[in-house]
Structure formats: structure tokens, C-alpha cells
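What follows is a short report on a single structure.
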Amino acid sequence: MHEYFQGAVRQLIERGQLLISMIPRGLSREFHRLEDTCRRRLSSVLDDLNNLITDPRLLLAANQPERLRQFKRAIWEMDLLETVCITALERAKDSDKHLNRVVERIRIEIGYPMLPPVVTPLSQSYFQTYPQFNLMLVPLSEGHFLLHLPDLYHELAHPLLLTRYDRHTQPFKDAFIEVTDHVTKHIDDELEREKRGNGPQLLSFYLQQWLKYWILNWTTEIFCDLFAVYTLGPAYAWSHLHLSATRGGDPFKVPTISGGATTHPADGARMAAILHGLTLIGFANEAAQVEERWNAFILVSGATPDPDYRRCFPRHLLHIVAEKALPGVKGMNCRVADSTIIDVVHSTLNRAWVEFWRDPAGYANWEKTAVEALRQECMKTP
Amino acid sequence: MSQISMYSGVYEDIREYAELLDKVLIDLKGGNSSPDDPIRRKLADLLKSLLTSQTGDLSMRMVNFLLRGTREIDASELARIGELLESTQVDSSVIEPLERLAQSLEREQAVAMARMRMRG
């Protein structure tokens, strides 16, 4: 392997240096932090790569497994930097500024406890966030519309869960940990019930799988939903209905042998948590309106929850998640939505959904004017 | 909203854990490690927390959970190794399970990378 490392590592070092040289000069202010992150991480990878061919300990035969693993990690890191960060920096254009200003305005409006992520319209599939780069990808034309923009609030929550040693975000993470304890207890209780009842082994297997999904994936998604509900209010619930209707699958999907794996919790479960969250912050009437439309959508879709869904996503557990997340958001001193708020992004996004239902046929025209007004407002210094 | 957002976090968490583990392994194999080394102490703490899962650090809690679900990993064995790392009694019986843990972390990181690339 020694010859292989000598050649492959040097080639990779060349690649890293080329990537650094590809970072454009004169990037606008909102991209400076991403540029800095990118440079630092690339330099760190290059240091690691140099070590692979110069550190005498790594030349020893006994350490070749470690050397290979370190090499692979360097490649993964460089791949990620090239395909995500450098690409975002290379395509930074003036057209990105609008959504960056919207996100900056949201940060101020809600008292977001971190710097805002950079937004770039490079997404090939809906909204995406790379928390480690503080980078958010949105679809190319998203800045021209309003109905999905509530998802910006959801994406803003992802980096909060990744912070470390930050007292400002600790309440949110503590709430998350509490929820995982509740989830674990729920699944343990179900497993115990299965054991006592001599139920089929397959169910026990499902329960263990569900626990894994709950802890590693679903709690994060539902927490980000709730952050969006608590900081934006009803518009997020409408946006979730819209997303489920346009891009969602079975709203009551649960991973089983036939159903396959899912990284996202069922849309129905998310909606149940969202509606309970809305009610908790004083939007019970709005929650009822969303629920009525949601039920109509479910009826048309023909989907029905089966017993597995109810065991995997029991309503009481979804309510606990909503109840724990609320003090987590308040503990970060984020502004919780209420009906008196007149901040520009908050008002525009909530008003958009009111207009959508008031005059569905005329909404598209109203939206054009509203987007322009939002653009103008966000240009001003807050 | 995307699985990128979720797997980015897992990727970062595992990466840090995996780097720490490989550094300790290199020191152990080269005979250059002592129980007072900060990285060895950190690894010992992480391994011991595998059994209790009581770490207050959300990132480490996630990695611990991920590892406890891995077939090759015996949490109680690793917790015992965590205790041995705090002593001078380190031999091949310690290194071999740590190697398996490192391989397991590598596989999980590869999964996280693959999921991030899938987009959606």
C-alpha cells in the first residue's frame, strides 16, 4: 500500500490546492463566512494528507488500517467541500441576495441565537441544510414565491442541534434529550408488552427499528418543525400541508418489511405535533382550520393509519415532543409567535396563507406584489 | 426538510469520534500512549458512556446510540476497555475491539456520506 499512498495522497493534495484556487475573489459579504469555513477545512484536510505520507508512525505496517481510514476520511471531506461549498461559492451571484436578506431578517425577528446560514439557490430537491457549513440550499426559483418559505424556519433549526459548548442553544438540545428518553421508554414499554403477550418476533424487530429512526432521524425533523411553528406560527402548518399534498407519500407510512426504511417521520405524525404546538402557543382556532383542511386532504388521498402507525407514532408521544420543544425554544430566548406580531417576514408569510384561502384563484397575482414588497422591505436596514 | 440536514450532523459526529479513535490506536500500537494523554482520556470517557448513554452531549449521545445498534459492538466490552484505558494495562485484547469499533465507525460514516449524496 505504501506506493499507492505516495501517489494517491500527492494527487489529492494537488486537488485540494486547486480547489482553494477556485474560490472566487470579491465574494459578497454573506459568503465570507462560508469562504472562511471552506478554506479552514481544506487546509485541515491538506495537513492530514501531508501527515499520511510524512508521519513516520503512519509508515509502520501495523498502522496501515488507521492510515487507510484517515485517507478515506480525507477524501470524503474533500468531496463534500468540492461538491457543496466550492460549488456554492463558485455560483454566488447577486440573485442569491434576496433570500439571504430574508433569512437575515428572520434571524433578527425571531432572535435566532446563531449567525444566519448562507442561502444559495442550488438545491436539486427542495430545501436542504448543511449545518456544519452553515449553508442552506433552496430551489432556484424559490425566492419568487412565498408558500414554501416557512420551511426556512425549519431549516434554521438544524444547526441549533449541532452546536456544542453553546449555552444559548443548550435548552433546545436538553429538550431533545428529554424527548429521546420519553421515546425510549415508550418503545421499551411496547417491547415489554410484546414479550408478555408472546407476540410475533417481527413486531419486536419493528419496534427496535422504530426506536433507531426516532432517535437518529425523526426527533430531529419534528423538533425542527416545532421550532418553525413556535417562531412563525400558522404559516408553517399550512406549508407542511402544502408540502405533504404536493410532494409527500403515504402520510401514515411506518417502516416495516413491506414499507421500507424512511428517514422522515410520517407526515401525519408531523402534522399532529405541529397542530398541538400551534394550540400550545394560542393558535387553537388556526390549528382547527388547518386540521379541517388536512382531514379533507387525507380523505381524498385515501390513506388511513394502521395499528403499526398508532404504535409507532402514538398521539400522546407526539404531544410530549411538542410540549418539551416549547420550553426549549423559549429557553433560547427566541421570540414565540403570537397574533400581534407585525414583523415584515412573519407578517408576509402568514398573510400569504390567509390570502391563499381567501381568494385561491387570485392568489398568484397577490403573491407577485407581496414578493416585491418583501424584497423592498428586506433591502432596508432593519 | 432533507435527509442531508440530518445526515450532515451524523457525519460530523462520527468523523470526530473516528479521528480520535484512530489517533489513540496509533499511539497505543506504537507504545507511545499513557493513561494521562488527553485524547486517551477523552476516548475512555466516551467508551464508558456507551453503556450508560447518560452523556449530556447530544452529539455523543447520537453516536453512542448509533454504535449500540451495531451488531459488532458490545457496549459493555467497550465500556470495560474504557476503564482499561485509564490504567496501564493495555495489550492486544484492548486494541482488537478498538479496531473493530473503528471499522464500524467507518462504515457508518460511509452510510452517512451515501445518504447525503442521495439528496431528497
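Observations on the structure shown:
- Just one residue in the set B:Leu43, B:Leu20 is more than 11 Å from chain A (Cβ to nearest Cβ), at pLDDT 75 or above, part of a helix (DSSP H, G or I) and buried (at least 20 other Cβ atoms within 10 Å of the Cβ); that residue is B:Leu43.
- Annotation for region A:187-198: at least one member residue is assigned by TED's automatic domain parsing to the domain that holds A:Phe283, outside any helix (DSSP H, G or I) and either surrounded by 24 or more Cβ atoms within 10 Å (Cβ to Cβ) or at positive phi (or both).
- A:Thr87 meets each of the listed conditions (1) under 22 Å from A:Leu146 (Cα atoms); (2) assigned to a helix (DSSP H, G or I); (3) hydroxyl-bearing (Ser, Thr, Tyr) apart from (1).
- For region A:120-145, taking the residues that are surrounded by 24 or more Cβ atoms within 10 Å (Cβ to Cβ) and in contact (Cβ under 8 Å) with a residue 40 or more places away in the chain, the one that is nearest to A:Val354 (Cα to Cα) is identified as A:Leu137.
- Evaluating A:Val254 against the criteria (1) touching a Cys at 6+ places or on another chain (Cβ under 8 Å); (2) surrounded by fewer than 20 Cβ atoms within 10 Å (Cβ to Cβ) leaves one unmet condition, (2).
- Hits in region A:107-138 (condition: among the hydrophobic types (A, V, I, L, M, F, W, C) and either part of a helix (DSSP H, G or I) or within 14 Å of chain B (Cβ to nearest Cβ) (or both)): A:Ile108, A:Ile110, A:Val119, A:Leu122, A:Phe127, A:Phe133, A:Leu135, A:Met136, A:Leu137, A:Val138
- In the set (1) more than 10 Å from chain A (Cβ to nearest Cβ); (2) closer than 13 Å to B:Leu101 by Cα; (3) surrounded by 20 or more Cβ atoms within 10 Å (Cβ to Cβ); (4) at pLDDT 85 or above, B:Leu67 fails one condition alone, (4).
- For beta carbons closer than 9 Å, sequence separation of 6+ or different chains, a first residue in region A:290-318 that is within 24 Å of A:Phe223 (Cβ to Cβ) and a second that is among the small types (Gly, Ala, Ser) and in a loop (DSSP other than H, G, I, E, B), the qualifying pairs are A:Pro305/A:Ala266; A:Asp308/A:Gly259; A:Tyr309/A:Ala266; A:Cys312/A:Ala266; A:Phe313/A:Ala266.
- Whichever residue in region A:191-225 is of a type in the set (D, E, K, R) and in contact with a helix residue (DSSP H, G or I) (Cβ under 9 Å, 6 or more places away or on another chain) and, among such residues, is farthest from A:Ser239 (Cα to Cα): A:Lys195
- Within region A:56-69, residues that are within 9 Å of another protein chain (Cβ to nearest Cβ) sit with their Cβ atoms under 9 Å from residues that are surrounded by fewer than 16 Cβ atoms within 10 Å (Cβ to Cβ) and of a type in the set (S, T, N, Q), at 6+ positions apart or across chains, in these pairs: A:Arg57/B:Asn32; A:Leu58/A:Asn51; A:Leu58/A:Gln64; A:Pro65/B:Gln103; A:Arg69/B:Gln103.
- From A:Asp96, A:Asp79, residue being modelled with pLDDT under 95, in contact with a Phe, Trp or Tyr (Cβ under 9 Å, 6 or more places away or on another chain), under 30 Å from A:Leu156 (Cβ atoms) and among the charged types (D, E, K, R): A:Asp96
- Residues in region A:79-119 that are within 18 Å of the chain's Cα centre (by Cα) and of a type outside the set (A, V, I, L, M) were compared, and the one that is surrounded by the most Cβ atoms within 10 Å (Cβ to Cβ) is A:Pro117.
The values are calculated or read from the model by the stated rules, or taken from the named source; none is laboratory data. All of these numbers come straight from a predicted model, not from anything done at the bench. Using ideal geometry, Cβ is built from the backbone for each residue, glycine included, and neighbour counts are taken over all protein chains shown.
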